[in-house]
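Taking it in order: structure first as structure tokens, then the write-up.
What follows is calculated from the coordinates using simple rules that are stated; it is not laboratory data. Just so you know, these numbers come straight off a predicted model, no measurement behind them. Here the Cβ is made from the backbone with ideal geometry for all residues, glycine too, and neighbour counts use every protein chain on show.
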Amino acid sequence: MSSNKELNFDDFKKMASDKSLSASEKIGFPDSYRKGFSTKILNDINLKLPIYNTTNKVIVDIGCGCDELTFELIEVCKKNNHTLILIDSEEMIQDLPSSDKIIKLAGKFPFNDDRLNKYVGQVDYILCYSVIFYVFANDNLYDFIHQSVNLLKANGHLLIGDIPNIDKRDRFLDSEEGKQFLKNSNQVKGSTAHENRDQKMDDSIVLAIVTRLRRFGCEAYVMPQSADLPMANRREDILVIRR
Ligand SMILES: C[S@@+](CC[C@H](N)C(=O)[O-])C[C@H]1O[C@@H](n2cnc3c(N)ncnc32)[C@H](O)[C@@H]1O
């Protein structure tokens, strides 16, 4: 894995197989980014994809990973009788639980087989959290998004969550609040580097996704993350609702 290339699906596979890594490290985060935050993250997700107060929904998690957040989502889905389809590499999902309603599908999305065909137009909620940035850097962004939207039923929701937007980050770091934040070097580790700008998502990409989806029969909105999330000052979400 080269230092100036963003992680790709195969890098994540290798990390998932590395027994020396913690669950957070397997999904590319230092422990401090996620530890203890999964309930807060799920509460924020629930504002956009209402999973807590609904039952019997069909939910797909694309790029589900194997960290605390995924295990907590599985528990919510079991409790609320949702069907949950977990998609990621075999290496990443092998230790996740499964049942008749917690279905693991190993592979890189979009699949080049028919395993998802029966879900086309059938899905209530799709979660794609902390994933799109890697798709943008390595794969076909619009194919990934269109194939996701194809799975949704009318009024189904897709949350493209936790998008690191370099313009949002710069606006924050230029603000008084950001300058204070910068004084605490522990908090900003890795967050101020400007290398590889061409590989980063920025306002132009985030807003292009919104514009594009609105042209394809969807409502789409850029939404902030709750302020108590660890990366809320430099990440945001896109909520897509299929008409
Ligand atoms: C940063 S992790 C996020 C994991 C999880 N969504 C979370 O927030 O805890 C990114 C994950 O996306 C997966 N991934 C990346 N591209 C993918 C693709 N095209 N299809 C399926 N999974 C993908 C990686 O294997 C990795 O597990």
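A few remarks follow.
- Selection among Asn233, His146, Asn184 by position relative to the dipole of the range 131-243 gives His146 as farthest towards the positive end (Cβ unit charges, Cα centre).
- Rounded to the nearest 20, the size of the Cβ-charge dipole of the range 133-243 about its Cα centre is 260 debye, with Lys and Arg at +1 and Asp and Glu at -1.
- Prolate/oblate/rounded call for the range 14-108, Cα gyration tensor, a/c under 1.5 rounded: oblate
- This ranking places Met223, Met201 by how few other beta-carbon atoms lie within 10 Å of each, fewest first, which gives Met223, Met201.
- Length-normalised contact order of the range 48-199 in % [C-alpha pairs under 8 Å, at least 6 apart]: 21
- Computed over the range 9-242, the ratio Rg/Rh where both radii use C-alpha atoms and Rh is Kirkwood: 0.95
- Share, in percent, of DSSP beta bridges within the chain that are antiparallel, nearest 5: 40
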